[in-house]
Amino acid sequence: MNTLERFAIAGGSALLPSGFQDDVVITVDHGVIVEIGSEANGAPLMDARGLRVMPGIIDLHGDAFERQIMPRPGVHFDLQIALAETDRQLVANGISTAFHGVTFSWEPGLRSRETLVRLMAAMDAAADHLSCDARLHLRHETYNLDGEDEVLAWLAEGRIALLAFNDHTADILRKIAHPKDGMTVLQRTGLTATDLQALAERVAARRDEVPASIRRLAAAALAAGVPMASHDDPSPEVRTDYQSLGCGISEFPKTRETALLARQYGNPVVFGAPNVVRGGSHMSNAMSAAVMARAGLCTVLTSDYYYPAMLPAAFRLHEDGVCDLPTAWAMISSNAADAAGLSDRGRLAVGLRADIVLVRTPAGRPPSVAAHVIGGHLAFAAKGAPRFHAPSKAVALETL
């Protein structure tokens, strides 16, 4: 990792708030962008000619780390190993800030209280050793009524960076009735179908208690200044209910009408980058993120279940004529920063945190990260990436 306190990145095509600018020099000092101009003023120089120089990617919802924790059903790995491997994947794919979407469910197993508490402790312990700025996106299952008090305490303690309201109980009951659909749930819980159905039915029987619990949690999040998202909004009515509670992010709305209302409210609307890269969702009843983006109904893209999708998703939207590249990149940088209330990142501007991704765009191949600076430190450099040199000895990166 680079330990230079002051350096400059020069020669690339940089995405500034005003648009792309060629041959600009971005000077970084102690982790902050201090100057954007035409001179390096003697600072060690990274030659970015032939590269796109972009703001670091901000991922508001990623749960691919679950596959580092449990790569096969019932096979668990040490959480420090899992977090370290996740960090390597994040930085190699240009993600500077990651909100780990950790589900707090009434289920046992992978999404249980025990796993969540252990993961929170592991994230705290690993914070000084990881390159990506990893934060907790708590995906609270609304029927997990017994977990409410702990969530209230974590909000008050400042341990939650983003609170999402999930409701998968009815979906789990539906899946149990179809063995093929229910297999994923059974594998992550370790329960038999009979035991899982009995547990889910007991949980569902408390449905009348759920609305009041949501109101209490939303009020606590508002008081703590924690942004909130509602997940899988099924209808405009549900989005309106959450909007009235101060929950201002619509995450994976189920219908166009719901997404349209969310945008009318001024909500960020979140869809998955894998949906864009694959040309549609892996779920048959989900909408196309690209179609929603073309209609102005998708403003933020997240990694969802696949970290490598974010960078190519932005370029795919541009290449397919959905929007220009600055607009597409905003979906994975500045729009995401604004949604999460992160005013110190998401753009290449003086005074902001130096999260900078140098992107290769070779003909006939997907775009890729050549180098990645996070908080002023060189967190990743691919083969053939530019290195730091004295200004007079700068060497251009070969186009691979």
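Computed about the Cα centre, the dipole magnitude for the chain is approximately 820 debye when only Lys and Arg (+1) and Asp and Glu (-1) carry charge, each at its Cβ. Residues whose amide H falls under 5 Å from that of Val24, counting only those 5 or more places apart or on a different chain, are Gly11, Gly12, Ala14, with hydrogens built in the peptide plane. Projecting the Cα atoms of Ala340, Thr97, Tyr305 onto the dipole axis of the chain, where Lys and Arg carry +1 and Asp and Glu carry -1 at the beta carbon, places Tyr305 farthest toward the positive end. With each label modelled as a point 7 angstrom along the Cα→C-beta vector, the Arg365-Glu150 pair spans 4.6 nm. Taking θ as phi - 60° and the Karplus parameters 6.51, -1.76 and 1.60, the scalar couplings of the range 4-12 work out to 4, 7, 10, 7, 9, 10, 9, x, x Hz in sequence order, x denoting glycine and proline.
Segment Glu237..Gln21, full-extension length gain: 73.4 nm, with 0.36 nm per residue of separation and the alpha-carbon distance subtracted. Solvent exposure of the range 110-152 amounts to 42 Å² per residue of accessible area, where only protein heavy atoms count and the probe is 1.4 Å. Charge dipole of the range 67-183 (Cα centre as origin; +1 on each Lys and Arg Cβ, -1 on each Asp and Glu Cβ, all else neutral): 520 debye, rounded to the nearest 20. The residues of the range 165-297 expose, per residue, 49 Å² of accessible area to a 1.4 Å probe. So what's the gap between the Cα centers of the range 292-315 and the range 55-128, to the nearest angstrom? Taking the Cα centre of the range 55-128 as reference, the centre of the range 292-315 is 20 Å away. For the range 332-395, carbon and sulfur atoms together expose 52% of the accessible surface, with a 1.4 angstrom probe and every protein chain in place. Compute the FRET efficiency between Ala125 and Arg216 as 1/(1 + (r/R0)^6), taking r as their Cβ-Cβ distance and R0 = 25 Å, and round to the nearest 0.05. After rounding, the FRET efficiency stands at 0.25. Taking Trp329, Trp106, Trp154 in turn, the Gaussian network model of the chain (Cα-Cα springs below 10 Å) assigns the largest fluctuation to Trp154. Straight-distance candidates among the aspartates and glutamates for linking to Lys383, with alpha-carbon spacing under 17 Å and chain neighbours fewer than 8 residues away dropped: Asp47, Glu398. Quick one: compute the contact order of the range 93-236, relative version, from alpha carbon pairs under 8 angstrom and 6+ residues apart, as a percent. Answer for the range 93-236 is 27 percent.
Our summary gives the chain a relative contact order of 22 percent, counting only alpha carbon pairs under 8 angstrom and 6 or more residues apart.
For the range 209-277 versus the range 146-181, the inter-centroid distance based on Cα atoms is 14 Å. GNM on the chain, alpha-carbon springs under 10 angstrom: the most fluctuating residue among Ser96, Ser18, Ser368 is Ser18.
In the chain, excluding the sites themselves, the longest stretch lacking any of the GluC sites (Glu not before Pro) that are in a DSSP loop with at most 15 other Cβ atoms within 10 Å is 40-397. Excluding ligands, DNA and RNA, the accessible surface per residue across the range 299-345 is 31 Å² with a 1.4 Å probe. For Arg387 and Val32, the difference between the fully extended length at 0.36 nm per residue and the C-alpha to C-alpha distance is 125.9 nm. Relative contact order of the range 326-373: 23 percent, from C-alpha pairs under 8 Å at least 6 residues apart in sequence. A cut-off of 5 Å between modelled amide H atoms, ignoring neighbours fewer than 5 places along the same chain, links Ala164 with Leu138, Arg139, His140, Ala229. Of all accessible surface on the range 97-210 at a 1.4 Å probe, what whole percent is carbon and sulfur? Answer for the range 97-210 is 48 percent, counting heavy atoms of protein chains only. Computed from the Cβ-Cβ distance with R0 of 45 Å, the FRET efficiency linking Arg118 to Ala295 stands at 0.60. Under 17 Å Cα to Cα from Lys254, which aspartates and glutamates show up? Leave out anything in the same chain fewer than 8 places away. Leaving aside aspartates and glutamates fewer than 8 places away in the same chain, those within reach of Lys254 are Asp167, Asp171, Asp232, Asp233, Glu237, Asp241, Asp304. Helix-only estimate, please: 222 nm mean residue ellipticity of the chain, summing -39500 (n - 2.57) across DSSP H runs of length 4 or more and dividing by its residues, to the nearest 500. That comes out to -10000 deg cm²/dmol.
Once Rg and Dmax of the Cα atoms in Å is calculated for the structure shown, the corresponding label among (i) 32.2, 103; (ii) 21.6, 72; (iii) 20.9, 62 turns out to be (ii).
The values are calculated or read from the model by the stated rules, or taken from the named source; none is laboratory data. Source: prediction; values computed, not measured. Glycine also receives a Cβ, built like all others from the backbone with ideal geometry; neighbour counts cover every protein chain displayed. Surface accessibility is based on the protein's heavy atoms, side chains included, excluding ligands, DNA and RNA. Shrake-Rupley method; radii C 1.70, N 1.55, O 1.52, S 1.80 Å.
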